[in-house]
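Please read the structure below before turning to the comments.
Taken together, the values in this text are just the output of simple stated rules run on the coordinates, not laboratory data. All values derive from a computational prediction rather than experimental measurement. Cβ: placed from backbone, ideal geometry, glycine included. Neighbour counts: every protein chain shown.
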Amino acid sequence: MNANHKLKRTVLAAVAVVLAAAGPLAACGSDDEAAEDTTTTTAADTASGSAVSIDDVWARPGTAGGNSAVYMEITGGDTDDALVGASVPTEVAESAEVHETVTDDGDDMTDDTMTDDGTSDDHMTDDSAADDHMTDDTSGDADDHGSDMMTMREVDSVAVPAGGSVDLEPGGYHVMLLNLAKDLAVGDTIEVTLDFHSGATEKVTAEVKEA
């Protein structure tokens, strides 16, 4: 009996030694995993902080077969970037392009979109967007421009400076929606995807409202 009792005590002592040694190792493993999680979160937060932010997104009303325009404020992140493209679901419009409004003084009619059959006429006659651009801009109405005519053309990009902002607004840069697939009424919302030079893609929701 004494021998068996001593054997049991020896076994229990050995188990205690093994458990004591394993405890610190398990604790170290938990610390390493926590450190890895913290690093990953920090990196994600840093990447998020460097991205552009987009506010005040809205669109003009329009009728099926016509055009409309989307406006917004884009604020730059940690590095310079540029808006290089846009798109909308096909149930909203046939296509979307980044445009700017310019004064036609005889020197600006160089863009291909201005000579494409039907495109120029659509921009100049659509009540939902073109006519509004003619009278609703930061410099006044059409009479203020004398004989000059306000027109629109597609641009390759719109610069977004680091830490700065750029406004897409009536009379300036905007996202043009071409050949609407349905009427856009005040209160409707549409999804717009914006592509940036950095490779970032931002999806925003625009509410349709009057200017």
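The table below lists the values:
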item: Extreme residue, surrounded by the fewest Cβ atoms within 10 Å (Cβ to Cβ), among residues of region 152-165 that are charged (D, E, K, R) and either in contact with a helix residue (DSSP H, G or I) (Cβ under 7 Å, 6 or more places away or on another chain) or in a strand (DSSP E or B) (or both); result: 154
item: Among (1) touching a Leu at 6+ places or on another chain (Cβ under 8 Å); (2) in contact (Cβ under 8 Å) with a residue 40 or more places away in the chain - the single one residue 201 does not satisfy; result: (2)
